[in-house]
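Presented below is the structure to which this report refers.
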Amino acid sequence: MFELWQTNEPAARLADAQTLDGALDHLDTACRVRHEQAAANGEGACHMRQRFEIRDAADPIVFLTYTPDADRPFESVASVFRSAGATP
């Protein structure tokens with residue numbers, strides 16, 4: 001079982017997944033939402049730095065600090081992890 005957490009204050013569990021691949025999909029969705037919020041608010045990246053963890057049991061196994069760039073199209077963070085070979 002994997003959990004996706006947003007670790008900014010206050011920390012919040014965002015989703016559960018049976019596989020790491022599923023957890024990466026949830027992470028991708030969370031980042032896409034943050035990107036769309038930044039684009040809609042016209043804030044750009046300056047105020048929207050988000051920190052995420054994927055945890056296996058209680059231990060973090062994936063860390064990501066995401067800062068949306070509303071000036072560019074969203075790029076899948078899951079595909080970046082997968083293409084880098086950072087997942088089993």
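Of note, Phe2 satisfies the criterion of being more than 19 Å from Ser76 (Cα to Cα), in contact with a helix residue (DSSP H, G or I) (Cβ under 9 Å, 6 or more places away or on another chain) and not acidic (Asp, Glu). Does Leu14 satisfy being closer than 16 Å to Thr65 by Cβ and either open to solvent by 40 Å² or more (accessible area, probe 1.4 Å) or touching a Cys at 6+ places or on another chain (Cβ under 6 Å) (or both)? It is true that Leu14 is closer than 16 Å to Thr65 by Cβ and either open to solvent by 40 Å² or more (accessible area, probe 1.4 Å) or touching a Cys at 6+ places or on another chain (Cβ under 6 Å) (or both). Every condition in (1) over 12 Å from Val77 (Cβ atoms); (2) open to solvent by 40 Å² or more (accessible area, probe 1.4 Å); (3) under 13 Å from the mean Cα position of the chain (by Cα) holds for His26 except the one numbered (1). Contact map, the range 15-26: first residue among the hydroxyl-bearing types (Ser, Thr, Tyr), second residue outside any helix (DSSP H, G or I), Cβ cut-off under 9 Å, separation 6 or more or different chains; pairs are Thr19/Phe2.
The values are calculated or read from the model by the stated rules, or taken from the named source; none is laboratory data. Computed from a predicted structure; not experimentally measured. We place every Cβ from the backbone using ideal geometry, glycine too, and count neighbours over all the protein chains shown. For accessibility, only protein heavy atoms count, side chains too; no ligands or nucleic acids. Shrake-Rupley method; radii C 1.70, N 1.55, O 1.52, S 1.80 Å.
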